[in-house]
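Reviewing the structure listed below.
The values are calculated or read from the model by the stated rules, or taken from the named source; none is laboratory data. For clarity, every value in this text was computed on a predicted model and none was experimentally measured. Here the Cβ positions follow ideal geometry from the backbone for every residue, glycine too, while neighbour counts run over all protein chains shown.
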Amino acid sequence: MASKFLIFIFFSYSYLDIMIKNDTIHTMVAETPYERAKGLMYRVSLAPDSGMFFVFDRPDTLYFWMKNTLIQLDIAFIDSDFVIVDIKHGEKGDTTIIKSSKPCMYALEVNFGYFKKHGIKTGDTIKIIK
């Protein structure tokens with residue numbers, strides 16, 4: 001008789017508030033390989049003024065895709081000086097690779113249109129406030 005096992009993977013995101021210009025974004029932090037790989041997959045919504053902040057170990061070209069992501073997102077790629085170097089858009093479920101144009105240490109995913117609505121653009125600096 002075959003045994004059946006149910007395995008649960010528990011993880012706990014940490015949280016940070018990030019300021020860009022005069023806007024505060026409440027973020028979950030994805031800093032482990034598993035958290036970064038899962039990202040915002042399978043979520044059906046994202047609260048306004050919230051997102052996910054991805055932290056990598058060192059600057060590198062970053063690669064994202066929207067597989068299993070059910071909402072459209074904006075992705076800001078951020079260098080080690082906390083400067084936004086790219087803002088890209090992700091369509092829900094799209095498996096096209098979205099990559100940074102130069103080495104970055106961070107990425108910030110927010111609701112689609114957030115950056116445009118708030119006048120946030122490449123060259124802007126982010127500040128971690130808690």
Qualifying positions in the stretch 74-124 - part of a strand (DSSP E or B), of a type in the set (Val, Ile, Thr) and crowded, with 20+ Cβ neighbours inside 10 Å
Ile75, Ile78, Ile84, Val110
Looking only at the stretch 84-120, count how many residues are β-branched (Val, Ile, Thr) and more than 15 Å from the chain's Cα centre (by Cα).
3
Those residues of the stretch 47-66 which are surrounded by 13 or more Cβ atoms within 10 Å (Cβ to Cβ) and either part of a loop (DSSP other than H, G, I, E, B) or under 12 Å from the mean Cα position of the chain (by Cα) (or both) amount to Asp49, Ser50, Gly51, Met52, Phe53, Phe54, Val55, Phe56, Leu62, Phe64, Trp65, Met66
Subset of the stretch 94-114, residues farther than 12 Å from Tyr63 by Cα and either in contact with a Lys or Arg (Cβ under 7 Å, 6 or more places away or on another chain) or acidic (Asp, Glu) (or both), comes to Asp94, Glu109
Would you mention how many residues in the stretch 105-130 are of a type in the set (Asp, Glu) and touching a Leu at 6+ places or on another chain (Cβ under 8 Å)?
1
Quick one: would you say Leu6 is modelled with pLDDT under 95, of a type in the set (A, V, I, L, M, F, W, C), part of a loop (DSSP other than H, G, I, E, B) and under 12 Å from the mean Cα position of the chain (by Cα)?
no
Out of (1) surrounded by fewer than 18 Cβ atoms within 10 Å (Cβ to Cβ); (2) at pLDDT 95 or above; (3) within 11 Å of the chain's Cα centre (by Cα); (4) over 20 Å from Lys127 (Cα atoms), the odd one out for Arg36 is which?
(2)
